[in-house]
1. Any idea what diffusion coefficient segment 47-105 gets from Stokes-Einstein, in µm²/s, Kirkwood Rh on alpha carbon pairs, 20 °C, 1.002 mPa s?
2. Mind ordering 395-402, 180-187, 208-215 by average Cβ neighbours within 10 Å, highest first?
3. List the residues whose amide H sits under 5 Å from the amide H of His581, counting only those 5 or more places along or on another chain, with H placed 1.01 Å from N in the peptide plane.
4. For segment 287-368, what value does the Rg/Rh ratio take when both radii are computed over Cα atoms and Rh is the Kirkwood radius, given to two decimals?
5. Name the residue farthest towards the positive end of the dipole of segment 117-258 from the options Gln163, Ala136, Thr234, assuming +1 on Cβ of Lys and Arg, -1 on Cβ of Asp and Glu, about the Cα centre.
6. For segment 185-229, I need the span (max minus min coordinate) of the C-alpha atoms along each principal axis, in Å, sorted largest to smallest.
7. Provide the packing ranking of 256-269, 68-81, 155-168, 334-347, i.e. peptides ordered by the mean count of other C-beta atoms within 10 Å per residue, highest first.
8. With n ≥ 4 as the cut-off for DSSP H runs, can you work out [θ] at 222 nm for the chain, using -39500 (n - 2.57) per run divided by the number of residues, rounded to the nearest 500?
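Quick note: the coordinates plus some simple rules give every number you see, no bench work behind them. Keep in mind the model is a prediction, meaning the values are calculated, not measured. With ideal geometry, Cβ positions are generated from the backbone for all residues, glycine too; neighbour counts draw on all protein chains shown.
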Amino acid sequence: MLVGKDHVHDVLEGRPAPRRVKGPALVSPLGDWGWLEAGVVSGDVLVPGSDVRSHIWYWVEADRDGLVTRRLLTFTTDRRLSARRIIFELLHQLCFENSHWPPVADAAESALNDVDPQVRRTAATLLVGTVEPDRALSALAASTDPVVRIALVDAIPWSWVAQHQAILERLRSDLVPAIRLLANIAVFSRDDPVAWPALDAAVLADLESCAGVLNGPGSRLEETGGERWARALTGFDREQDCYAWAERLANRSESPEVRLEGVRMALAAMREWRGAPARVTPMLTGLLQDEISEVRSAALHTLAASLTASRIADDELAVLLDDPEFGAVAATALGSVGDHRAVPHLVRLMLSDSDEPRLAEAFKAVARAGADPHAPVAAARQILAALPDSCAPALPMRVLAAFGPAAAAAVPELIARLEGAENDTPDCAIYVLGRIGPAAAAAAALLRQYPTQGATLALLKVTSDRAVADQYLAGRPEQPGRRDGIAPALLTWLAEHDGLTARQHKQLRSLFQAPGFGQLTSAGALWLHDGPAVAAELLEVLPDYLSDDLYGRKALRVLAAMGSHARPILDRLDRFVVSRHRAGMNIGDFDAEMRADEMLHAAVIAARQEIAE
């Protein structure tokens, strides 16, 4: 499949491709090359968004064999190992849209003899990406270095290679275990399920020998042998086989390296199939007592990755809450499913400035589950009071927002933030005040001083004064733009309370016509105002959002409010509920996608009950 430059840039940078380089003026490729030298030495050439990386990207796109490319290639033989590692990684990223790149391919082939294994791995992958398959196969035949050969076998797109079946068949008996494993996985075929058991056995035979080999520094993929095998099993929808192999690999009779592969296979299964957590959780909880710390840690993190598994293993996780090594992960896992036992431990983590990535998610879940707000709110207030006004610590603010009206005790600290605000502090404090609502009435006068959309919405929630919404909407056109972030929220509040004027109804109608967040957030207000008369329109639009991780649950809330009027989509909801597979999402984090599916699945079941009654 051909991909555009912008898409490639998105993949590499994790952000939209710029139409022009921002920041300092572009550095000319003529004259002083100090900027490039500094970027390579510091590693900034690999930092998404850095000026030097953007400059390189610009000049290489302008002339891929020009002065900048030739200058980059001089670093491929640099005496400094760090420079060689960095430059080959950069060239590998650049070759995404510069395949068949002869000067880079020549440099990569020369580096197959580098003294550093990481350089050789990256160079081998780069070579495959910049030459025709025949040249890569020639390099494979000529090399006796296991590091290079493994990397080449891993990177070669075998489906593009003529007579690749015969080549892979020979590689299945190679002297190097990792090459045998890669070849065995590559020959799995949906058309030949009879061969699967023998291939599984062959992969198993080499699995322990491949520990730390296939995912070493510079490898094409950060995947172990077990993860690659799991990908083959999930790709062919071999659900029961995947469970059976995960349990077999995790058996105490196996080596720690193989038990770790069992845990990784269990995680792959949970990411693919909704029934997996119930099947593999008992095996994972058993490994929480493993004598090897690395195995225990992997099992715990795998349980924590799934909300369903965390619920099933709640008592086993609770035992670990005071464990100095594993307590933080156990607390966030329990907190994320709303278990109140986690609250004191979450508070301690917040006060200790923990970097546990899902702390905010855990606090939000326990708040939604009705946990006592006293300790979390007091801890958030303590942190806010201890920091200067110019700071806007994200976690305490998110904790206060999660508890909403129950965080009213923090209003004085939030007002202080507004009075001495710098940077993004106002936006954070304003949002939290809006979440607190009428209990934050003391902040109303201060909110009126901020001419922002966020302050307008917060003021409405704090004062319940419809004049706030009326005044704002009166100043907006009858067809508000899609960038008007608060118009749908204001119209929804009015529909829930005193109702809409004729002009406001036109604004609501206009917002509902444009697909996106505004359409979704205006749908609930449209139902409140128009009722069954708009049921058909809503049923035409809302189902399109059901598989979206951001919008799906919002759409379901509207459908649930419609009750029996939403019955025409029950069959679609039923198909979603009974599907064995996770919903396809694109969050960029496999575990976050799994949890999003779990939450959406539960929301669909709840909405279906409301609709069917």
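1. Values: Rh = 11.7 Å.
My calculation gives 183 µm²/s for D.
2. Values: 395-402: 24.4, 180-187: 22.9, 208-215: 17.5.
Ranking the peptides 395-402, 180-187, 208-215 by packing returns 395-402, 180-187, 208-215.
3. Correct list: Arg274.
4. Working: Rg = 11.6 Å, Rh = 12.3 Å.
My calculation of the ratio gives 0.94.
5. Ala136
6. 36, 19, 11
7. Values: 256-269: 24.6, 68-81: 16.1, 155-168: 14.0, 334-347: 22.4.
Highest-to-lowest ranking by the protection proxy: 256-269, 334-347, 68-81, 155-168.
8. Details: 36 runs with 384 residues, N = 613.
Helices in the chain give a 222 nm mean residue ellipticity of -19000 deg cm²/dmol.
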